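Derivation of every value follows stated rules applied to the coordinates shown; laboratory data play no part. As the structure is a prediction and not an experimental result, all values here were calculated from the model. Heads up, the Cβs are rebuilt from the backbone with ideal geometry, glycines too, and the neighbour counts pull from every protein chain shown.
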Amino acid sequence: MGLPLLPKEADFTPEKKPFINFYAKNQEDRYPKDLFTLVHPDTGVFIANCGKTHKASNFIDRYEPFRTRLEESNLLDLDNVMGAPILYNEGAALQARFRVKHDEIPKILNEPAGLRITYRDSHDQSCRSSIHIEILRLACTNGMIGVAKDCTISSKHTTFDNPHNFSHKLSKLMGNVMYEAELMQKMQGVVVTEDQALNFIENSVASSKKDLERVESIYRHYANLGNTGYRMLQVVTHLSSHPTERQRKSNNKFQTTLNLESKSEKILRSKEFHALCVPA
């Protein structure tokens, strides 16, 4: 079956035009030499400002090599892929998320799980062209961000064109994913008392009293996982996988997703989280 194609709406190259500063008092400031504007070629909608050397390109020109290389690698089961590419911000950003099966990870974690592949790209420079693979816990659809290893290939736009380079990086990435699975299995045996958990949530996770109440509620939601480091992992990843109603109504959902994932990753990679939840 393989990965789906991008929608036809993604098939465009932004038009690069001179930047105009309408508030400038003189001609030189009104048309700065080194600043340009990217607009949608069909709608004229503003995408982003950019520098003189920026080269606009088409999402499809980068996504297709990624899709082809991933299918050729035979490192993942792509027979029953679930998910679809989505454009954000009038076509300024792209996110394609796919759920795929994996035979070994459910055995390691002793519960239903798979993998989630996230491909991202942007015209507005909100993110680089990248592929991220994470373990997906099916009971709650938490995408479990790596605790110790980097599970992302983030690069300049030429990386996916090189079959050998991509294959090498993907193989290393999958090795990191399997390392994370083994580490998460060990976290199921790390004891974290309720007092320790709530203290960590108050000091390292919650940003306000209202937020504290929400995170404590999420902690109780995962009571079936016991007082363990694995339970704390689910609490933190829940925050990025399940945005609040206010976050879902954001005018820039793409950037909100990036911010939430960045915050969760920062918590999971912190020395405080590792000291409490990750086996030495």
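For the reader, a short list of remarks on this structure follows.
- For the stretch 59-185, the ratio of Cα radius of gyration to the globular rule of thumb 2.2 N^0.38 Å stands at 1.04.
- Karplus-derived 3J(HN,Hα), 6.51/-1.76/1.60, for each residue of the stretch 164-169, Hz, glycine and proline x: 5, 4, 5, 4, 4, 5
- Between helix 59-73 and the chain: long-axis angle, C-alpha atoms, 0 to 90°, nearest 10: 40
- Model label points for Thr244 and Asn80, set 7 angstrom from Cα along the Cα-to-Cβ axis, are 3.7 nm apart.
- Spread over its residues, the convex hull of the C-alpha atoms of the stretch 2-74 is 84 Å³ per residue.
- Taking amide H as placed 1.01 Å from N in the peptide plane, Ala84 has its amide H under 5 Å from the amide H of Arg97, each at least 5 places away in sequence or on another chain.
- Trypsin sites (Lys or Arg not before Pro) restricted to DSSP loop in the stretch 105-147 with at most 16 other C-beta within 10 Å: Arg128
- Counting only Cβ charges, +1 for Lys and Arg and -1 for Asp and Glu, the dipole size of the stretch 194-277 around its Cα centre is about 380 debye.
- Close amide H pairs (under 5 Å, H built 1.01 Å from N) link Ala48 with Leu38, residues at least 5 positions away or on another chain.
- Centroid-to-centroid, using Cα positions, the stretch 1-33 and the stretch 184-231 are 44 Å apart.
- Pairs of Cα atoms nearer than 8 Å and 6+ residues apart set the relative contact order; for the chain it is 13 percent.
- Net length available on complete extension from Tyr23 to Arg214 is 64.3 nm, with 0.36 nm assigned per residue and the Cα-Cα distance removed.
- Exposure proxy order (Cβ contacts within 10 Å, fewest to most) of His168, His123, His54: His168, His54, His123
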